[in-house]
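The values are calculated or read from the model by the stated rules, or taken from the named source; none is laboratory data. On a predicted model such as this, the values are computed, not experimentally measured, just so you know. All Cβ positions, glycine included, derive from the backbone under ideal geometry; neighbour counts span all protein chains shown.
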Amino acid sequence: SSLLGVWCFSELFFVKEPQDVTVSRKDPVVLDCQARGEAPITITWLKNGGKVSENERIYTLSNGSLYISEVEGKKGELSDEGFYQCLALNKYGAILSQKSHLTLATISAFEVQPLSTEVQEGGVARFACKITANPPATVTWEVNRTTLPLVMDRITALPTGVLQIYGVEQKDAGNYRCVATTAANRRKSTEAVLSVIPASDLKPFHKPSIIAGPQNITASLHQTVILECVATGNPKPIISWSRLDHKSIDVFNTRVLGNGNLMISDVKVQHAGVYVCRATIPGTRNFTVAMATLTVLAPPSFVEWPESLTRPRAGTARFACQAEGNPAPKISWLKNGRRIHSNGRIKMYNSKLVINQIIPEDDAIYQCMAENSQGSILSRARLTVVMSEDRPSAPYNVHAETMSSSAILLAWERPLYNSDKVIAYSVHYMKAEGLNNEEYQVVIGNDTTHYIIDDLEPASNYTFYIVAYMPLGASQMSDHVTQHTLEDVPLRAPEISLTSRSPTDILISWLPIPAKYRRGQVVLYRLSFRLSTETKVQVLELPGSSDEYLLEGLRPDSVYLVRITAATRIGWGEASLWTSHRTPKATSVKAPKSPELRLEPMNCTTITVQWQQDSEDTAAVQGYKLYYKEEGQQENGPILLDASDLEYTVSGLGECTKYFSTLL
């Protein structure tokens, strides 16, 4: 009965969705899909977004699942590898399932093979091998072609393919190789010889040294992660682990393998961070450290999901959706299983879906899909459109009047037809310039025909329209009107940087104020400067188009204080804080000129910075310092570069973001 309750509540939903699967070539596979709701329900399958063409080898079972009798792995169009989704359809609409990634089992050649080594008795031997396989291979070790017995206190085989032998003995000498095994394959590495040299009787003190430290690692949720740490020294060092951020290490999921390797099982997002391995000689302060970053990737999960709505014809529907994950998930919207594209009436921004001037065809099931490299999830909501005749006509004679830099008064007249049925008005407004601006809505009572909108940005054009609502319907949109807000004084001063080209000058350069703090067009800049030892301030005014000024005739080896103020046509904003700069000492050494920079975006998150040395500049360059910053954020750097370097690539930047660079 509880299931029936769910059915009544929900018009259409999945009980089972297809999951990621890895199969061997020629093996059969079933991708599950079961939907419930009001019958009849039809199921169709998509591969990489296109319809699956069914035949004797690939077909849909009676329960909706997809059956492939012999998986093909040929390159090109015949391969069955790809992303599969099922689409369920009934009278209310259609819903699309999450994506199932079908991959073929593979195993590579060895990328790292064990290398022969000579080790002194009592020392540490380490062999490594690495192979890529899907699903992952199990790595075991052989010595002289027989399985290596693992003496737990002395010999450790890490699941990552590393073999560590502590306190090496003469009997450990031999030929070592690793064996990688999957369900379908078995690979053997080349052999490496371990030679054991007799130990000398003298055992001098030997500082700790980490011969194999942890490596940066990126792991998916629930995987097992191994951070290796092998150290030598005399006496034998003790290994301990900590996090760089001083948070405690999760004791429930973490244990030490062998002589100091850290194993984190069932890895979670909170395990991400920088881990520090410390090797200390017991009873001394002699220690050394090595560190590595663990990055944890996580599939999307919903923080906010859309709710079903009932709306009158010509009304407005808003669906909200937010997801988290690593990498940050991308959000898209589907209507009856098909991707929605923004048009004049239907808009998507900041992961919201807004449908204005609803028509009967908007009655459908909508889904929010969040996806990243780790997977996809979908949530669903239904929009039910209620029809009503005798709608009021649109409000008319709409006019707008500017009140201030943030407020506009809107006034209108009641609908000519059926105005007695109006229970409320909704005022809609958005910025007139730019694409995909968010539309805002305010609902007010039917007893007024004017409204002041007072949360607007200065020096901006806005478009307004009004809709009249009755209990089960709404009028058409009124005519649109556009009106601008007044300018205001800047909210912030520009950010300045100070450099000297000689002992007697300071080059003051500044960045444009971001639009939201500029509040209009900057027409003037005012520079104030003084010696730190004097109170007398000198002032200069410069045109709003300038972005630098060279102060000359200054004292060498002296601290100057500089600040800047910007003005719009309305007046002056606040001044920046005083910034100090010491001019260089007057020596025979010439300071080189600042190089001119060329910035070249390589992709969404990478910029290459290039520069040339001025051929006429006689000063000897000993190196460069590169700084960069995201607009309105803290500066990163310096990155120290050699005199021979004439380019540098900065990666890991924010997507579609403005950056500024400085080179000294």
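Looking only at residues that are in a strand (DSSP E or B) and either in contact with an Asp or Glu (Cβ under 6 Å, 6 or more places away or on another chain) or hydroxyl-bearing (Ser, Thr, Tyr) (or both) in the range 462-506, which one is nearest to Ile358 (Cα to Cα)?
Looking at residues that are in a strand (DSSP E or B) and either in contact with an Asp or Glu (Cβ under 6 Å, 6 or more places away or on another chain) or hydroxyl-bearing (Ser, Thr, Tyr) (or both), I get Tyr469.
Every residue, every condition in (1) within 36 Å of the chain's Cα centre (by Cα); (2) of a type outside the set (Ser, Thr, Tyr); (3) at pLDDT below 80, yes or no:
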{"position": "Thr583", "(1), (2), (3)": "no, no, no"}
{"position": "Trp611", "(1), (2), (3)": "yes, yes, no"}
{"position": "Ser615", "(1), (2), (3)": "no, no, yes"}
{"position": "Ala620", "(1), (2), (3)": "no, yes, yes"}
{"position": "Leu626", "(1), (2), (3)": "yes, yes, no"}
Checklist entry - In the range 384-416, which residues are modelled with pLDDT of 85 or more and in contact with a helix residue (DSSP H, G or I) (Cβ under 7 Å, 6 or more places away or on another chain)? => result Val385
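Return the total of residues in the range 529-578 being assigned to a strand (DSSP E or B) and either under 18 Å from Asp505 (Cβ atoms) or not aromatic (Phe, Trp, Tyr) (or both).
24
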Item to check | Single residue of the range 291-327 satisfying the filter (hydrophobic (A, V, I, L, M, F, W, C) and surrounded by fewer than 20 Cβ atoms within 10 Å (Cβ to Cβ)) that is farthest from Pro208 (Cα to Cα) | outcome: Leu309
Next on the checklist: Looking at the range 203-213, can you tell me whether even one residue there is of a type in the set (Ser, Thr, Tyr) and in contact (Cβ under 8 Å) with a residue 40 or more places away in the chain?
Outcome noted: yes
Checklist outcome for this item: The residue that is surrounded by the fewest Cβ atoms within 10 Å (Cβ to Cβ), considering only those in the range 16-44 that are at pLDDT below 90 and of a type in the set (Gly, Ala, Ser), is Ala39
Checklist entry - Looking at Val196, Val256, Val269, which one is under 21 Å from Gly123 (Cα atoms) and surrounded by fewer than 16 Cβ atoms within 10 Å (Cβ to Cβ)? => result Val256
Item to check | Lone qualifier among Ser644, Ser576 - being farther than 27 Å from Leu554 by Cα and either of a type outside the set (Val, Ile, Thr) or free of Cβ contacts under 8 Å to residues at least 12 places away in the same chain (or both) | outcome: Ser644
Item to check | Residue check, Val119 more than 30 Å from Cys368 (Cβ to Cβ) and either in contact with an Asp or Glu (Cβ under 9 Å, 6 or more places away or on another chain) or outside any loop (DSSP other than H, G, I, E, B) (or both) | outcome: yes
Checklist entry - Failed condition for Ser509, given (1) in a loop (DSSP other than H, G, I, E, B); (2) among the small types (Gly, Ala, Ser); (3) under 40 Å from the mean Cα position of the chain (by Cα), with all others met? => result (1)
Checklist entry - With Thr224, Thr254, Thr218 as the choices, which residue is over 30 Å from Gly654 (Cα atoms) and either of a type outside the set (A, V, I, L, M, F, W, C) or not assigned by TED's automatic domain parsing to the domain that holds Phe205 (or both)? => result Thr254
Item to check | So Thr218, is it closer than 16 Å to Pro159 by Cβ, surrounded by fewer than 17 Cβ atoms within 10 Å (Cβ to Cβ) and not acidic (Asp, Glu) | outcome: no
Next on the checklist: If I filter the range 417-450 down to residues being surrounded by 14 or more Cβ atoms within 10 Å (Cβ to Cβ) and over 19 Å from Met470 (Cα atoms), which single residue comes out as modelled with the highest pLDDT?
Outcome noted: Tyr429
Next on the checklist: I'd like the full set of residues that are farther than 21 Å from Gln374 by Cβ, in contact with a Ser or Thr (Cβ under 7 Å, 6 or more places away or on another chain) and hydrophobic (A, V, I, L, M, F, W, C), limited to the range 215-248.
Outcome noted: Ala231, Ile238
Next on the checklist: Among the residues that make up the range 163-181, is at least one of them in the same structural domain as Ser116 (by TED's automatic domain parsing), more than 20 Å from Phe127 (Cβ to Cβ), of a type in the set (S, T, N, Q) and loosely packed, with under 14 Cβ neighbours inside 10 Å?
Outcome noted: no
Checklist outcome for this item: If we keep only residues of the range 328-345 that are surrounded by 18 or more Cβ atoms within 10 Å (Cβ to Cβ) and not in a loop (DSSP other than H, G, I, E, B), then the residue farthest from the chain's Cα centre (by Cα) is Lys335
Next on the checklist: For a quick check of your reading of the model, give me the residue pairs whose first member lies in the range 91-110 and is within 28 Å of Thr384 (Cβ to Cβ), whose second is of a type in the set (A, V, I, L, M, F, W, C) and assigned to a loop (DSSP other than H, G, I, E, B), with beta-carbon atoms closer than 8 Å and at least 6 apart or on different chains.
Outcome noted: Ser97/Cys33
Next on the checklist: in contact with a strand residue (DSSP E or B) (Cβ under 8 Å, 6 or more places away or on another chain), modelled with pLDDT under 75 and surrounded by 11 or more Cβ atoms within 10 Å (Cβ to Cβ): which single residue out of Glu631, Glu600, Glu647 fits that description?
Outcome noted: Glu631
Next on the checklist: Tally up the residues in the range 505-528 that are charged (D, E, K, R) and farther than 22 Å from Gln634 by Cα, please.
Outcome noted: 3
Checklist entry - Hey, among the residues in the range 122-134 that are surrounded by 16 or more Cβ atoms within 10 Å (Cβ to Cβ) and outside any loop (DSSP other than H, G, I, E, B), which one's nearest to the chain's Cα centre (by Cα)? => result Ala133
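Looking only at the range 93-109, count how many residues are surrounded by 18 or more Cβ atoms within 10 Å (Cβ to Cβ) and assigned to a loop (DSSP other than H, G, I, E, B). Walk me through it before giving the result.
Looking only at the range 93-109, we keep the residues that are surrounded by 18 or more Cβ atoms within 10 Å (Cβ to Cβ), and these are 93-100, 102, 105, 107.
With assigned to a loop (DSSP other than H, G, I, E, B) added as a condition, the list becomes 97-99, 105.
Selection size over the range 93-109: 4.
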